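The values are calculated or read from the model by the stated rules, or taken from the named source; none is laboratory data. Since the structure is predicted, the reported quantities are computational estimates derived from the model, not experimental observations. Backbone-built Cβ (ideal geometry, glycine too); neighbour counts: all protein chains shown. The accessibility values were calculated without ligands, DNA or RNA, using every heavy atom of the protein model including side chains. Shrake-Rupley method; radii C 1.70, N 1.55, O 1.52, S 1.80 Å.
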Amino acid sequence: MIRRVGGHKVYVGVISHKRAKNVPKMEKLCGPMTWYVGDGEAQAYKIMGATNVIESGGLCRSRNAILDDAFAQDLPAIELSDDLRKLEIASNKAEKKEASLDDAVSLIFNALETSGAYMAGVAPTANAFFFNPNKPIHTNAFVVGDFIMVKPTTLRFDEELRLKEDYDYTLQHLMKYGVIARCNAVLATFAHRTNKGGACDYRTSELEQQTIRQLKDKWPGMLKDNPKRKDEILLAI
């Protein structure tokens, strides 16, 4: 859906699968958007109040559909996961305040413009403790796919991946443009794995490890295992 958010004209899409119940919460928090859902799911989302619904299939197909629809109109794409619960802006390690989508997008758009990146977003943690006000933007760090903004580009998500596609997409941008823009002041809280539906329906340790092998083969030397979290990886750049 085309909207003016944070003072900028953008296209806003939310990715969802078997989570029609999230429509009221998401639209109350973020306003109207286009819902990209699994095949045969549109009616359930419309019943829950979504007025713009596209059946786009699996995760990466949906991600790419949002990019295609935004870029066809020469607009930046905002992609959100459907289980966003809270947005906050950090001012230091101990202080943060609740924020609107407009507040967050304004900061993220500025990060894109000042860095020269084509992709911007947030860190995988919403803990203000990790925020360094002296380094509000990371230009070579992982950007979690739950909240991203992408300027028109030829880069697309790898549809052979069922998990961790955001690691791949971050690396694609770093290799092509030499920079991404992770806006560390924006703290986004998601339900993630406590929420039924989405990737939680098929996420297993076996699939996690298979995906890690795929990514390491595709990006030799650029990823490493996370020593603190089983089945997780880190950028090694």
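Averaged over its residues, the stretch 73-146 has an accessible area of 45 Å² per residue, based on protein heavy atoms and a 1.4 Å probe. Evaluated with a Cβ-only charge set (Lys, Arg +1; Asp, Glu -1), the chain carries a dipole of roughly 560 debye about its Cα centre, given to the nearest 20.
Shown here: mean projected area of the Cα convex hull in nm², derived from the displayed model; of the candidates (1) 13.0; (2) 12.0; (3) 15.7, it corresponds to (2). A straight chain from Asp74 to Glu159 at 0.36 nm per residue would run longer than the Cα-Cα distance by 28.3 nm.
Under a 5 Å amide H cut-off, with hydrogens placed 1.01 Å from N, Ala126 pairs with nothing among residues at least 5 apart or on other chains. Projecting the Cα atoms of Asn92, Ser62, Ala20 onto the charge dipole of the stretch 8-101, computed from C-beta unit charges around the Cα centre, puts Asn92 farthest toward the positive end. Near the amide H of Gly6, within less than 5 Å, lie the amide hydrogens of Asp102, all on another chain or at least 5 residues away, with H placed in the peptide plane. Relative contact order for the chain: 20 percent, from Cα pairs under 8 Å spaced at least 6 residues apart, divided by residue count. Backbone geometry of the stretch 167-180 corresponds, through the Karplus equation with coefficients 6.51, -1.76 and 1.60 at θ = phi - 60°, to 3J(HN,Hα) couplings of 5, 4, 5, 4, 5, 4, 5, 5, 6, 7, 10, x, 7, 10 Hz, x marking Gly and Pro.
Once backbone amide H atoms are built at 1.01 Å from N, Val53 has Trp35 as its partners under 5 Å, excluding neighbours fewer than 5 places away on the same chain.
As a ratio to 2.2 N^0.38 Å, the alpha-carbon radius of gyration for the stretch 111-234 is 1.06.
A straight Cα-to-Cα reach below 13 Å connects Lys96 with the aspartates and glutamates Glu88, residues fewer than 8 places away in its own chain not being considered. Taking the Cα centre of the stretch 1-58 as origin and assigning +1 to Lys and Arg Cβ atoms and -1 to Asp and Glu Cβ atoms, the resulting dipole is close to 300 debye. In order along the stretch 37-50, phi translates into HN-Hα couplings of 10, x, 4, x, 9, 4, 4, 4, 6, 5, 4, 7, x, 6 Hz, rounded to whole numbers, per the Karplus curve 6.51 cos²θ - 1.76 cosθ + 1.60 with θ = phi - 60° and x for Gly and Pro. Using θ = phi - 60° in the Karplus curve 6.51 cos²θ - 1.76 cosθ + 1.60, the 3J(HN,Hα) couplings for the stretch 84-100 round to 5, 10, 7, 10, 9, 10, 8, 10, 7, 5, 10, 10, 8, 9, 5, 9, 9 Hz; x is entered for Gly and Pro.
If contacts are Cα pairs under 8 angstrom and at least 6 residues apart, what is the relative contact order of the stretch 108-237 in percent? Reported relative contact order: 29 percent.
Computed on protein heavy atoms with a 1.4 Å probe, the accessible areas place Ile47, Ile180 in the order Ile47, Ile180, largest first. Taking the protein heavy atoms of the stretch 41-103 in the context of the full set of protein chains, the accessible area attributed to carbon and sulfur is 47 percent at 1.4 Å.
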